[in-house]
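**Q** This structure is in structure tokens; I'll ask about it shortly.
The values are calculated or read from the model by the stated rules, or taken from the named source; none is laboratory data. Since this is a predicted model, take the numbers as computed values, not measurements. Here Cβ is always computed from backbone atoms with ideal geometry, including for glycine, and neighbour counts include all displayed protein chains.
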Amino acid sequence: MTNSENNRDNAAIKLPGVLSPSDLAFLGLDEIAYIKPVFEDGKNHFGIFAADGEPLASAPDFDLAFAMAIQNDLYPVCVN
């Protein structure tokens, strides 16, 4: 892949107008996985969530959660 191809893939998406929260929930629904710290079963984990907030999985550390998202063809995004 050349640099120009890589830049196209990572280019910002320009969206017209204002999006509602429900519009944002469906943006990237099948492409993005949000990873954030969660407290589960008395322990700190990293939860993996769909764009609409649906829990998909959890992992004991961030690197594993990140890898799980990638293995499932999702683009991981860290949120706090």
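**Q** Can Ala33 be described as small (Gly, Ala, Ser), more than 11 Å from the chain's Cα centre (by Cα), outside any loop (DSSP other than H, G, I, E, B) and surrounded by 15 or more Cβ atoms within 10 Å (Cβ to Cβ)?
**A** no
**Q** Quick one: in segment 44-80, of everything that is within 10 Å of the chain's Cα centre (by Cα) and assigned to a strand (DSSP E or B), which residue is nearest to Asp23 (Cα to Cα)?
**A** Step by step, filter segment 44-80, then rank; the result is Ala50.
**Q** Looking at segment 21-56 only, could you name the residues that are on the phi > 0 side of the Ramachandran plot and at pLDDT 90 or above?
**A** Gly42
**Q** What are the pairs, 6+ residues apart or on separate chains, where a residue within segment 52-74 that is farther than 15 Å from Val38 by Cα has its Cβ under 8 Å from a residue that is of a type in the set (D, E, K, R)?
**A** Leu74/Glu31
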